[in-house]
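Enquirer: Attaching a single structure in C-alpha cells format; questions to follow.
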Amino acid sequence: METKRLFFFSLGATLLGVGAVGVVVPVLPTTPLVLASFFCFTKSSKRAERWISNNRYFGSYIENYQTKQGVPLDVKIKSVAFLWITLIISCYIFQDRSYLLILLPLVGFAVTIHILLLKTKSDENQSIPEKQISSL
C-alpha cells in the first residue's frame with residue numbers, strides 16, 4: 001500500500017475507533033467522526049469504503065449524509081460543542097503560538113457553519129412504510 005493510501009486508511013481507522021467510542025460517550029460526536037473516516041476510506045481502500053457503508057452500526061450515518069436526509073439536531077449540537085471545547089483547550093495549550101490563536105478559531109467558524117448548514121433530520125424525514133400509510 002502506498003504511503004498516501006496507508007496514511008488515509010490509518011487515519012480513517014483511528015477516526016472510526018474514536019467515533020465508535022462516541023456511541024457510548026456522549027461528549028464525542030459520532031457522526032462527524034464516522035463521516036470523516038468514510039472520507040478517509042474513500043481515499044485509501046474500496047474494500048474499507050464498502051465495509052463501512054454496509055456496516056450495520058455505521059452505515060446509516062453515511063446513508064443519511066449521502067442521501068441528504070440530514071443530521072439529527074442533537075448530533076449537530078454535540079458536534080459544535082465538542083469542536084469548540086477542543087479548540088479552546090488547544091488555544092490554551094498553544095497560547096504561545098499566536099498564529100494558532102488566529103487559525104484555530106477560523107477553522108472552528110468554518111466547520112461550525114458547515115455543520116449548521118447541513119440539513120437537520122427530523123421525525124418527518126423518516127419514511128413511513130406504505131402499509132402504515134394505507135391503514136391511516
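Quick note: the coordinates plus some simple rules give every number you see, no bench work behind them. Not measured: the values here are computed from a predicted model. So basically every Cβ, Gly included, is an ideal-geometry build from the backbone, and we count neighbours across all protein chains shown.
Enquirer: Using the crude model of +1 on Lys and Arg Cβ and -1 on Asp and Glu Cβ, and no other charge, please compute the dipole size for region 1-67 relative to its Cα centre, in debye to 20.
Expert: It comes to approximately 220 debye.
Enquirer: Something else: With the dipole of the chain worked out from charges on the C-beta (+1 for Lys and Arg, -1 for Asp and Glu) around the Cα centre, which of 93, 70, 10 lies farthest toward the positive end?
Expert: 10
Enquirer: Which is the longest part of the chain that has none of the trypsin sites (Lys or Arg not before Pro) sitting in a DSSP loop with at most 16 other Cβ atoms within 10 Å?
Expert: For trypsin sites (Lys or Arg not before Pro) (loop position, at most 16 other Cβ atoms within 10 Å), the longest site-free span of the chain is 1-55.
Enquirer: So between residue 113 and residue 85, what do we pick up on full extension, going 0.36 nm a residue minus the alpha carbon distance?
Expert: Net length gain for the segment: 8.5 nm.
Enquirer: Further question: Going through the DSSP H helices of the chain, which span 20 Å or more along their own axis at the Cα atoms while scoring at least 1.0 as a mean Kyte-Doolittle hydropathy?
Expert: Counting only whole DSSP H runs, the qualifying helices are 3-24, 30-44, 73-93, 98-117.
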